[in-house]
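Reading through the structure tokens given below for one structure.
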Amino acid sequence: MVKPINFAYHEGIIYFHTAKEGEKIDDIKRCSKVCFEVDLPLAYIKAKKNPCEATYLYRSIIVTGKAKFIEDTGQKLLALKLLMSKYQPEGGYVEDYVPK
């Protein structure tokens, strides 16, 4: 099953955030095996005469492993800081946040 996620990478770990309930949680509980893929488009090369000449240049990475839930509050805050600094770099919020 494929799921879109926001993620952050730090010291060999891929962190992602999700709701406490839902399909992602159910999927991980059912089977912790995961495959993670990211690609970066570089260029599209148009076909000149034959449509089969068209090509797409990109870089990609595929990682397989096991997902696990983070229970440690310090590690949860680290993950949150990494995600916020990536997706909302203008800052704030995490320093004052108290996890529930």
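To keep it simple, each residue is scored yes or no on (1) modelled with pLDDT under 95; (2) open to solvent by 90 Å² or more (accessible area, probe 1.4 Å).
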{"position": "LYS3", "(1), (2)": "yes, no"}
{"position": "ASN6", "(1), (2)": "yes, yes"}
{"position": "TYR15", "(1), (2)": "no, no"}
{"position": "GLU21", "(1), (2)": "yes, yes"}
{"position": "ILE25", "(1), (2)": "yes, no"}
{"position": "LEU57", "(1), (2)": "no, no"}
{"position": "ASP96", "(1), (2)": "yes, yes"}
{"position": "LYS100", "(1), (2)": "yes, yes"}
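Only residues that are exposed (fewer than 10 other Cβ atoms within 10 Å of the Cβ) and either touching an Asp or Glu at 6+ places or on another chain (Cβ under 8 Å) or not in a loop (DSSP other than H, G, I, E, B) (or both) were counted across segment 62-71, and they come to 3. From the list ILE61, ILE5, ILE13, the lone residue that is within 23 Å of SER85 (Cβ to Cβ), out of contact with any strand residue (DSSP E or B) (no Cβ under 6 Å at 6 or more places or on another chain) and of a type in the set (A, V, I, L, M) is ILE13. When ALA47 is tested against (1) more than 30 Å from LYS76 (Cβ to Cβ); (2) part of a strand (DSSP E or B), only condition (2) is not met. For segment 8-39, the set of residues classified as of a type in the set (A, V, I, L, M) and either touching a Phe, Trp or Tyr at 6+ places or on another chain (Cβ under 6 Å) or part of a helix (DSSP H, G or I) (or both) consists of ALA8, ILE14, ILE25, ILE28, listed by residue number.
The values are calculated or read from the model by the stated rules, or taken from the named source; none is laboratory data. These numbers were taken from a predicted model, which means no experiment stands behind them. Glycine also receives a Cβ, built like all others from the backbone with ideal geometry; neighbour counts cover every protein chain displayed. Just so you know, the surface numbers come from the protein's heavy atoms only, side chains and all, with ligands and any DNA or RNA stripped out. Shrake-Rupley method; radii C 1.70, N 1.55, O 1.52, S 1.80 Å.
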